[in-house]
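Here the structure is laid out as structure tokens; the discussion comes afterwards.
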Amino acid sequence: MHLAGYRLHADRLPSRERYPFCLPALLHTPELDLNHGVVLFVGENGSGKSTLLRALCRNAGIFIWGGFADLSADEEAFLRAVELRWARGPMPGSFFSSETFFNFAQVADHDSAMHEFFGPRGFGAQSHGQSLMAYFSARYRLPGLYFLDEPETALTPRGQLDLLRLLQAMSRDGHAQFIIATHSPILLACPGARLYGFDGPAIRPVAYRETEHYRFYRDFMENPLPFLGPPRENG
Ligand SMILES: Nc1ncnc2c1ncn2[C@@H]1O[C@H](COP(=O)(O)OP(=O)(O)OP(=O)(O)O)[C@@H](O)[C@H]1O
Ligand SMILES: [Mg+2]
């Protein structure tokens, strides 16, 4: 494992009211153990998963495509309050999200070295899901520390299973480490992964079957009708 954990120095935060200091899950979690091959962040929309993922990535010195120019003073203050603990020293890696991938893929398609590395077809000539899988399977062969924000976007359930197998294979023996925010009940099933729930007063480890995502999908698919109220009226 590469990234062993992080500490939040809350005394360095200039406020408790403004974003990102106001996010309860982040504010009330002074330390987090990240010493696992696959770490998964799970929680409601708006609970702070992407905020923490990007802060960890930036603190690790890993480039986020198109993501450096727009940091507010408060986001910079948050970064200064986060301290990373490394198992064996800093590692190179990358950040994935659908938003940043679109821009990256356009650049990669016009760069002959990248074109060769990611396969002969180029991203632009593949479907959304196909281009994501082409990227994941080439990029994660390299050792490194990888941050992924909702990589399940555009992947079918079978595609998500392929990604899960890739994460398992590439995280074996410390080859690579993955820190992932996800809503995918398939990725959340990753054997041996550490799951962190963001819905309580602080971030805490959760078991797969305890997650709201697992229970909701299971109950909904068993019997969708009780979940479907009358149609909402327009206007
Ligand atoms: N740049 C910003 N300025 C102000 N508030 C923000 C900013 N970015 C996010 N927020 C707020 O912070 C909260 C957490 O956002 P974040 O994107 O971290 O959530 P998330 O857990 O990743 O959610 P999702 O599952 O929808 O991706 C949200 O309420 C959001 O509105
Ligand atoms: Mg998010």
Within the set of other residues whose C-beta is less than 13 Å from the C-beta of ARG18, count the net charge using Lys and Arg as +1 and Asp and Glu as -1.
-3
Quote the charge dipole size of the chain about the Cα centre in Debye, to the nearest 20; the model charges only the Cβ of Lys and Arg (+1) and of Asp and Glu (-1).
580
Of LEU34, ALA10, CYS57, whose Cα points farthest to the positive end of the dipole of the chain (charges on the beta-carbon: +1 Lys, Arg; -1 Asp, Glu; origin at the Cα centre)?
LEU34
Longest exposed-loop-site-free stretch of the chain, with chymotrypsin sites (Phe, Trp or Tyr not before Pro), DSSP loop and at most 15 other Cβ within 10 Å?
69-235
DSSP-assigned coil residues among trypsin sites (Lys or Arg not before Pro) in the range 54-130, each with at most 10 further Cβ atoms within 10 Å:
ARG88
Mind jotting down the distance between the C-alpha centroids of the range 39-98 and the range 1-28, whole Å?
11
For all pairs of alpha-carbon atoms in the range 3-223, what percent lies in each bin of width 10 Å, listed from the first bin to the last filled one?
8, 33, 36, 19, 4, 0
Using the Cα centre as the reference, give the magnitude of the dipole from point charges on the C-beta atoms of the range 70-122 (Lys, Arg: +1; Asp, Glu: -1; all else neutral), rounded to the nearest 20 debye.
360
Residues whose modelled amide H sits under 5 Å from the amide H of ILE180, counting only those 5 or more places away in sequence or on another chain, are VAL39, LEU40, PHE41, LEU148
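Values quoted throughout were computed directly from the atomic coordinates according to the rules given, and no laboratory measurement underlies them. Please read all numbers here as calculations on a predicted model, not as lab measurements. Ideal geometry is used to build each Cβ from the backbone, glycine not excepted, and the neighbour counts take in all protein chains shown.
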